[in-house]
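The values are calculated or read from the model by the stated rules, or taken from the named source; none is laboratory data. Predicted, not measured: the structure shown is a model, and the values here were computed from it. We place every Cβ from the backbone using ideal geometry, glycine too, and count neighbours over all the protein chains shown.
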Amino acid sequence: MNFPNLPDLEAISLDISPVTCECRVWNVRHNHRVGALVTISGRYRHGSAGKEDALLIKWRLNQFYDLVRFHGLVVDCRHLDYHWGDDLSLQPSRWPLDDAPPFRLVIRPEQQDAFTYIEPEACHRFDLATALDEVHLCLKTLKR
């Protein structure tokens, strides 16, 4: 772009991280609840170098929640190359944690030690179908 009376405009990329997030939803028919699946892939940089990765993940989770207002969440990190890092959080900031919405984290067995510091082992699963089924069953039992 060239504007004669302005200095050169410099393009700035908002791609701050090699991490990607794919978001999907499903509806629970009988009580109008919504379940959500977020698949996080890519390479999470180690330590404080991963701060931008953590920011992107948190931003995407919050953006998704603001858009959909889901009632249960499964986060699939099997394709995330994560060993350790600062500030990683896998639940939306504005999610009503006091109501204990159903949450499952899907990881590979060799990732469990790294993710234990992020989310408690009680919500870890190694099989995506199991995690989706568990959250779906929890959502089915919620009142309208």
Can you tell me which of ALA122, ALA100 is modelled with pLDDT of 90 or more and either at positive phi or not charged (D, E, K, R) (or both)?
-> ALA122
In this structure, is ALA114 over 18 Å from LEU142 (Cβ atoms), aliphatic (A, V, I, L, M) and either surrounded by 14 or more Cβ atoms within 10 Å (Cβ to Cβ) or more than 11 Å from the chain's Cα centre (by Cα) (or both)?
-> yes
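So which residues in the stretch 42-89 are among the small types (Gly, Ala, Ser), within 24 Å of ALA100 (Cβ to Cβ) and either outside any loop (DSSP other than H, G, I, E, B) or at pLDDT 90 or above (or both), if there are any at all? Break it down stepwise before answering.
Start the filter on the stretch 42-89 by keeping residues that are among the small types (Gly, Ala, Ser), which leaves 42, 47-50, 54, 72, 85, 89.
After this cut, where a residue has to be within 24 Å of ALA100 (Cβ to Cβ) as well, the list is 54, 72, 89.
Answer for the stretch 42-89, where residues must be among the small types (Gly, Ala, Ser), within 24 Å of ALA100 (Cβ to Cβ) and either outside any loop (DSSP other than H, G, I, E, B) or at pLDDT 90 or above (or both): ALA54, GLY72.
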Could you please tell me which pairs satisfy a Cβ distance under 7 Å, a separation of 6+ or placement on different chains, a first residue in the stretch 112-134 that is in a loop (DSSP other than H, G, I, E, B), and a second residue that is of a type in the set (A, V, I, L, M, F, W, C)?
-> ILE118/LEU88; ILE118/LEU90; GLU119/LEU90; GLU119/LEU105; PHE126/ILE107
One residue from VAL38, VAL19, VAL28 being within 13 Å of VAL68 (Cα to Cα), of a type outside the set (Ser, Thr, Tyr) and in contact with a strand residue (DSSP E or B) (Cβ under 7 Å, 6 or more places away or on another chain) = VAL38
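Is it true that some residue in the stretch 44-57 is under 24 Å from CYS138 (Cα atoms) and free of Cβ contacts under 8 Å to residues at least 60 places away in the same chain?
No, there is no match, as no residue in the stretch 44-57 is under 24 Å from CYS138 (Cα atoms) and free of Cβ contacts under 8 Å to residues at least 60 places away in the same chain.
Could you grab me the full set of residues in the stretch 126-144 that are surrounded by fewer than 19 Cβ atoms within 10 Å (Cβ to Cβ) and not polar (S, T, N, Q)? Spell out how you get there, then give the answer.
Of all residues in the stretch 126-144, those surrounded by fewer than 19 Cβ atoms within 10 Å (Cβ to Cβ) come to 126-130, 133-134, 136-137, 140-144.
Scanning the stretch 126-144 gives PHE126, ASP127, LEU128, ALA129, ASP133, GLU134, HIS136, LEU137, LYS140, LEU142, LYS143, ARG144.
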Within the set of pairs 6 or more residues apart or between chains, which connect a residue that is β-branched (Val, Ile, Thr) inside the stretch 58-81 to a residue that is surrounded by 19 or more Cβ atoms within 10 Å (Cβ to Cβ) and at pLDDT 95 or above with Cβ atoms less than 6 Å apart?
-> VAL74/LEU37; VAL74/ARG104; VAL74/ALA131; VAL74/LEU132; VAL74/VAL135; VAL75/VAL38; VAL75/LEU105
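Out of the residues in the stretch 1-23 meeting the condition of being in contact with a Leu (Cβ under 8 Å, 6 or more places away or on another chain) and either surrounded by 14 or more Cβ atoms within 10 Å (Cβ to Cβ) or among the polar types (S, T, N, Q) (or both), tell me which one is farthest from CYS77 (Cα to Cα). Spell out how you get there, then give the answer.
First, pick out the residues of the stretch 1-23 that are in contact with a Leu (Cβ under 8 Å, 6 or more places away or on another chain): 1, 3, 16-17, 19, 21, 23.
When the remaining residues are screened for being either surrounded by 14 or more Cβ atoms within 10 Å (Cβ to Cβ) or among the polar types (S, T, N, Q) (or both), the result is 17, 19, 21, 23.
On the way: SER17: 16, VAL19: 11, CYS21: 10, CYS23: 13 Å.
Applying the filter and picking the extreme gives SER17.
Would you confirm whether any residue within the stretch 11-21 is of a type in the set (Asp, Glu) and in a loop (DSSP other than H, G, I, E, B)?
Applying the first criterion (of a type in the set (Asp, Glu)) to the stretch 11-21 yields 15.
Imposing the further condition that a residue be in a loop (DSSP other than H, G, I, E, B) reduces the set to 15.
Yes - at least one qualifying residue is present in the stretch 11-21.
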